[in-house]
Amino acid sequence: MSARTFRAPGRVNLIGEHTDYNGGFVMPAAIQFYTTVTALPRADRKLVLSSAQFPDRYEFSLDERTPGRNAWCDYPLGTAYSLEQAGYKLTGAELAFTSDVPIGAGLSSSAALEVSTALALATLSGHHIPTQQLAEICQHAESEHVGMKCGIMDQFISIHGKDDHAVLLDCRSLEYKAAPIPGHLRLVIANSKVKHELTGSAYNHRRRDCESAAAFFGKPLLRDVTPQEFAAREGELEPQIRRRARHVIGEIARTEQAGMALEAGDYGRFGELMYASHESLKTDYEVSCEELDKLVEAARTVEGVYGSRMTGAGFGGCTISLMEESAVPGFLKQVPPLYTATFGIQPDLYVCRPVNGAHEVLA
Ligand code: GLA
């Protein structure tokens with residue numbers, strides 16, 4: 001039996017932050033950073049995991065349940081468990097990973113690891129899993145085996161990404177629509193290279209606040225609370241819960257509007273919505289930080305930039321700026337010194353275009 005190679009991309013979210021686990025809209029795009037896995041089937045039920053980025057090599061039997069190790073192996077192992085829990089019996093395999101998705105930068109290195117694993121193991125084991133279910137299995141792996149109670153966005157886009165398009169996804173119905181990003185536009189990611197909090201615990205805490213807010217309105221999800229219903233009763237909410245709900249309900253509306261702006265080619269409007277999203281994440285959801293705020297402020301000074309905001313869970317990580325291709329040189333020149341002057345850190349900048357989702361790499 002010969003080895004086969006699969007790869008899954010990281011992602012950037014253009015708008016719709018902290019809305020996925022509230023059943024709202026998100027608009028991510030897959031980007032040209034990948035986790036690649038070379039997979040060799042085994043005759044037994046052993047999973048042998050290695051990575052070019054980490055020294056350890058792990059060996060597990062799929063017939064015994066091993067608790068998490070608090071290491072990178074939890075993601076592929078959890079994915080294997082979730083596949084089997086969903087009824088897909090797996091063959092053993094040797095999985096050798098390599099990745100150029102920046103780790104811990106909010107560009108979904110974990111989703112890329114889960115999705116590449118799921119695609120490899122499902123294919124080697126002869127299963128054709130519908131893509132939506134594959135995304136749900138990977139989300140389950142992260143939520144149940146790793147303990148990060150994430151939404152569906154990252155895994156979904158790593159599978160459903162499309163060249164030259166962002167994807168507007170309704171996280172309640174999982175209906176989605178590809179939204180073209182014309183060739184003259186660029187998505188520029190600025191990596192702050194800071195990480196301030198245990199993102200996992202703060203994230204799970206935000207999630208609980210949202211659940212309390214939805215329960216207050218007697219609804220299963222904040223998606224089901226209209227802006228009018230919120231306005232009528234927001235005064236009765238405890239201030240922190242009120243701010244969290246205000247962000248989510250506003251962000252869902254902004255993301256729908258951003259979808260329309262993109263369709264109409266109104267990038268100016270799209271950019272305004274990005275800035276408004278950042279402000280709301282900063283003041284109401286409280287997941288931004290000084291470094292991300294600075295990067296957004298610096299982006300605003302560059303001619304040809306339509307909009308900028310923090311992207312991903314927050315507390316550090318990256319910003320995303322939408323701009324004309326002609327604005328890129330100015331951005332690369334102007335933004336790093338403004339950031340470095342304040343924080344003494346050289347940010348990493350990645351100029352991106354949207355790419356296709358996970359696939360087998362054929363020789
Ligand atoms: C992380 C999660 C996603 C989503 C974002 C915030 O990336 O994995 O599910 O909730 O944060 O929008």
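What follows draws every value from the coordinates through simple rules; no lab data is involved. Just so we're clear, the structure is a prediction, and the values are computed from it rather than from any experiment. Note that we place each Cβ from the backbone using ideal geometry, even for glycine, and neighbour counts take in every protein chain shown.
Just a few scattered comments:
- Relative contact order of region 110-216, defined on C-alpha pairs under 8 angstrom at six or more residues apart (%): 21
- Within the chain, longest stretch free of exposed GluC sites (Glu not before Pro) [DSSP loop, at most 12 other beta carbons within 10 Å]: 176-302
- Pairs from 149/193; 149/195; 195/333; 177/219; 282/333; 46/162 whose Cα-Cα separation, in the structure shown, is over 28 Å: 46/162
- Placing R0 at 22 angstrom, the Cβ-Cβ distance between residue 290 and residue 348 gives a FRET efficiency of 0.80 after rounding to 0.05.
- Here the label points at residue 184 and residue 163, each 7 Å from Cα along the C-beta direction, are separated by 2.2 nm in the simple model.
- Karplus (6.51, -1.76, 1.60) ³J(HN,Hα), θ = phi - 60°, over region 49-65, in Hz, Gly and Pro reported as x: 10, 9, 9, 5, 8, 10, x, 6, 10, 10, 10, 10, 9, 5, 8, 10, 8
- Region 4-180 - Kirkwood radius from inverse mean 1/r over Cα pairs (Å): 16.0
- With coordinates expressed along the principal axes, the C-alpha atoms belonging to region 1-79 extend over 44, 28, 23 Å, beginning with the largest.
- Computed [θ] at 222 nm, deg cm²/dmol, the chain (DSSP H ≥ 4; -39,500 (n - 2.57); rounded to nearest 500): -12500 deg cm²/dmol
- Rounded to 5, the percent of DSSP beta bridges in region 21-101 classed as antiparallel: 70
- The distance between label points at residue 233 and residue 363 comes to 6.2 nm (points 7 Å beyond Cα on the Cα→Cβ vector).
- Furthest towards positive pole of dipole, 141, 107, 117, structure part region 4-180, Cβ charges: 117
- Estimated FRET transfer efficiency (residue 64, residue 86; beta-carbon r; R0 25 Å; 0.05): 0.85
- Region 148-220 and region 238-307 have their alpha-carbon centroids 13 Å apart.
- Label point 7 Å beyond Cα of residue 211 along Cβ direction - residues of region 135-171 with amide nitrogen under 17 Å: 140-152
- Antiparallel %, DSSP beta bridges [both residues in region 4-180], to 5: 85
- Normalised by the number of residues in the chain, the average gap of Cα pairs under 8 Å and 6 or more apart makes the relative contact order 24 percent.
- Under the simplified labelling scheme, the residue 324-residue 224 pair shows an inter-label distance of 4.7 nm, with each label point 7 Å from Cα along Cα→Cβ.
- Label-zone membership for region 178-193, site residue 264, 7 angstrom Cα→C-beta point, backbone N under 18 Å: 179-182
- Extension gain, residue 275 to residue 56, is 74.6 nm, computed as 0.36 nm per intervening residue step minus the present C-alpha separation.
- Relative contact order of region 4-180: 30 percent, from C-alpha pairs under 8 Å at least 6 residues apart in sequence.
- Region 90-244 - Kirkwood radius from inverse mean 1/r over Cα pairs (Å): 18.4
- Tail beyond 33 Å, pair distance distribution of the chain (Cα, percent): 29
- Derived scalar couplings ³J(HN,Hα) [region 36-47; Karplus, 6.51 cos²θ - 1.76 cosθ + 1.60; whole Hz; x for Gly, Pro]: 10, 10, 9, 10, 10, x, 10, 6, 9, 10, 8, 10
- Protection proxy ranking, peptides 26-33, 8-15, average beta carbon neighbours within 10 Å, highest first: 8-15, 26-33
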